[in-house]
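Novice: Here you go, one structure.
The values are calculated or read from the model by the stated rules, or taken from the named source; none is laboratory data. Everything numeric here is computed off the predicted structure, so don't read it as measured data. Here the Cβ positions follow ideal geometry from the backbone for every residue, glycine too, while neighbour counts run over all protein chains shown. What goes into the accessible areas is simple: the full protein's heavy atoms, side chains included, and nothing from ligands, DNA or RNA. Shrake-Rupley method; radii C 1.70, N 1.55, O 1.52, S 1.80 Å.
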Amino acid sequence: MKLQQLRYIWEVAHHDLNVSATAQSLYTSQPGISKQIRLLEDELGVEVFARSGKHLTRVTPAGERIINTAGEILRKVESIKQIAQEFSNEKKGTLSIATTHTQARYALPPVISAFIKQYPDVSLHMHQGTPMQIAEMAADGTVDFAIATEGLELFNDLIMMPCYRWNRCVVVPQGHPLTKLPKLTLEALAEYAIVTYVFGFTGRSKLDEAFNQRGLTPKVVFTAADADVIKTYVRLGLGVGIVAKMAVDPRLDPDLVVLDASQLFEASVTKIGFRRGTFLRGFMCDFIEQFAPHLTREVLAKAVQCHTKMELEELFEGVELPVH
């Protein structure tokens with residue numbers, strides 16, 4: 001059994017069983033991958049993949065367990081490499097982050113700018129996706145960190161830490177009737193078409209909960225994952241926008257009126273998560289602390305020792321989070 005063979009079955013499973021696409025991503029030949037998978041299956045005495053002719057059709061029950069174990073082995077190998085790199089050159093390496101558009105566009109730029117200046121030899125990679133995709137990428141080791149507001153709690157293999165609190169605002173064109181109200185209410189919002197985030201993105205669940213608790217059904221006519229897209233359609237008159245407050249800048253959006261909605265919705269918490277067992281290099285710890293100053297190396301060391309979600313929650317109980 002070779003590490004290369006474990007890499008091949010892991011990659012094939014994560015390329016939708018497409019051996020050709022796997023070969024392209026690994027810069028090798030399709031026949032070479034197929035041969036090594038067959039050799040591994042012959043050695044193990046079980047099929048990892050079921051086949052129809054020359055095509056892989058599904059992962060077998062035995063294959064699922066083998067691939068999961070292969071993933072754990074490959075991550076351990078990567079940790080060994082990280083440890084060696086930390087001692088050979090502590091300021092050189094790679095850092096991969098998965099996050100949503102809102103975090104990438106509005107929360108992370110100053111952090112990344114400062115980080116690159118401090119660590120010019122660290123190659124930084126950013127992946128964007130849904131909260132579920134982000135959590136999956138962190139859980140399977142595709143990325144080092146996941147940064148999101150929703151979805152991370154579904155994965156037990158992730159150590160999740162709170163970074164900051166944020167809330168929403170309502171954006172409308174100049175002269176909109178809502179700007180003339182003495183006080184913004186959910187009942188008033190429910191009278192208008194609403195343009196906001198896709199469910200599962202950027203604290204959308206808090207928005208729906210607030211309306212439901214008041215027995216109201218919001219008229220959501222358009223959803224998007226991108227706050228800039230939402231603002232564009234507000235400008236077109238499609239509806240009233242509800243976005244993260246950090247996503248609106250009066251200097252960049254002078255044509256829109258911003259109405260504070262923090263009293264209408266429960267605040268959301270953005271978290272950063274990484275897979276249990278991840279070796280945190282020095283620059284990784286520095287990135288986390290730059291993004292969330294209360295997450296010092298001492299706090300990270302305590303978080304890593306937590307074995308349950310309850311222990312993590314107790315660790316951060318009473319911590320005053322910054323507000324964005």
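Novice: For the chain, take the longest principal axis of its alpha carbons; what is the angle in degrees between that and the long axis of helix 61-88, to the nearest 10 within 0 to 90?
Specialist: That works out to roughly 80 degrees.
Novice: Sequence gap at least 6, Cα distance under 8 Å: using those rules, report the relative contact order of region 1-135 to the nearest whole percent.
Specialist: Values: 121 pairs, mean separation 25.9, N = 135.
Relative contact order comes out at 19 percent.
Novice: Can you tell me the 0 to 90 degree angle between the C-alpha axis of helix 30-44 and the longest principal axis of the chain, rounded to 10?
Specialist: 70 degrees
Novice: Highest mean first, what order results for 181-187, 231-237 on Cβ atoms within 10 Å?
Specialist: Values: 181-187: 11.7, 231-237: 15.7.
Per-residue mean Cβ counts within 10 Å order the peptides as 231-237, 181-187.
Novice: Which far-off residues, 5 or more places away or on another chain, put their amide H under 5 Å from the one on ALA193, with H placed in the peptide plane?
Specialist: VAL240
Novice: If you fit an axis through the alpha-carbon atoms of helix 282-291 and take the longest principal axis of the Cα set of the chain, what angle between them do you get, 0 to 90°, nearest 10?
Specialist: Here the helix axis deviates by roughly 20 degrees.
Novice: Please get the size of the charge dipole for the chain, origin at its Cα centre, with Cβ charges of +1 on Lys and Arg and -1 on Asp and Glu, quoted in debye to the nearest 20.
Specialist: Working: 34 positive and 37 negative charges, 113 e Å.
Here the chain has a charge dipole of around 540 debye.
Novice: Output the relative contact order of the chain, whole-number percent, from Cα pairs under 8 angstrom with separation of 6+ residues.
Specialist: Working: 503 pairs, mean separation 63.3, N = 324.
Averaging sequence separation for qualifying contacts and normalising by length gives 20 percent for the chain.
Novice: Could you tell me how far the Cα centroid of region 127-187 sits from the Cα centroid of region 42-70, in Å?
Specialist: Centre-to-centre distance over Cα atoms comes out at 37 Å.
Novice: Which value, in Å³ per residue, describes the convex hull spanned by the Cα atoms of the chain?
Specialist: 178 Å³
Novice: Let me ask something additional. Would you look at the GNM of the chain, springs on alpha carbons closer than 10 Å, and say which of SER79, SER34, SER52 moves the most?
Specialist: SER52
Novice: Right, something else. Working with all protein chains in place, sort LEU315, LEU256 by solvent-accessible area computed with a 1.4 Å probe, largest first. Please report the intermediate quantities before stating the final value.
Specialist: Numbers: LEU315 55, LEU256 15 Å².
Ranked from most to least accessible, the order is LEU315, LEU256.
Novice: Let me ask another. Among all lysine pairs in region 101-236 that are eight or more places apart or on different chains, how many have alpha carbons less than 24 angstrom apart?
Specialist: Values: LYS180/LYS219; LYS180/LYS231; LYS183/LYS206; LYS183/LYS219; LYS183/LYS231; LYS206/LYS219; LYS206/LYS231; LYS219/LYS231.
Going through region 101-236 pair by pair, I get 8.
Novice: Rank MET126, MET160, MET310 by mean-square fluctuation in a GNM of the chain with C-alpha springs under 10 angstrom and give only the top-ranked residue.
Specialist: MET310
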